[in-house]
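Reviewing the structure listed below.
Read-outs throughout are calculated quantities, based only on the coordinates presented, and are distinct from any laboratory measurement. All of these numbers come straight from a predicted model, not from anything done at the bench.
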Amino acid sequence: MDPQLFEVYELKATVAQREHELDLLRAELASYKYSEAQITKLVRHLRTHCAEPTPIEPTAMVVAGRPISPADVPIEHGPPPTITWLQVPFDEKDTAKGLGAKWDPEEKKWYVPPHLNLAPFHKWNIGKRIDLTCPFEDKDAAKQLGAKWNPYTGTWYVTSNMDLGLFAKWLASPSRTHEPSTQAASRQRVA
């Protein structure tokens, strides 16, 4: 066999080996990047659902059965703080951010961190959704008052932070749910 041909095949084999090693390194790098993304996602999730770390309280030292350190009285901790989700239009995001709202890239929503006063964020506070029993002919009036349309359920709704008195005639109540059957019964008696 020609020595130059042998050298060409040897170089081709070396190149193939290096390409294989490069592919393995790329796969390992991709695995590290995936792990880093998962850890980053977990950290963001924990930051939105947990309060800032509190300093460690000194432990009480007990002498003759009595605590004598500055930590002799146990500190009561309340329920874990929660965040409040906001519905901020894009053109108002800078205002919300200036007030202290934070953006959650995973949820793609703005939120108020725990222990921050919610009063400045009232206009964006989503609140609890309350479905309305709004007939088609009243839809424009409900919309003008601020009701929103839910295309998934096919109903109008308001949120608990709105003035519910404006929507009283469309709010579901036990007496309103029984009205149709009462009217039907009275029609049967007349007939």
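What the table shows:
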| quantity | calculated |
| --- | --- |
| Volume of the Cα convex hull of the range 78-126, divided per residue and given in Å³ | 78 |
| Rounded Å value of the spacing that divides the Cα centres of the range 83-121 and the range 1-43 | 45 |
| Pairs beyond 19 Å (Cα-Cα), from Lys102/Lys123; Lys33/Lys93; Lys102/Lys148; Lys148/Lys169 | Lys33/Lys93; Lys102/Lys148 |
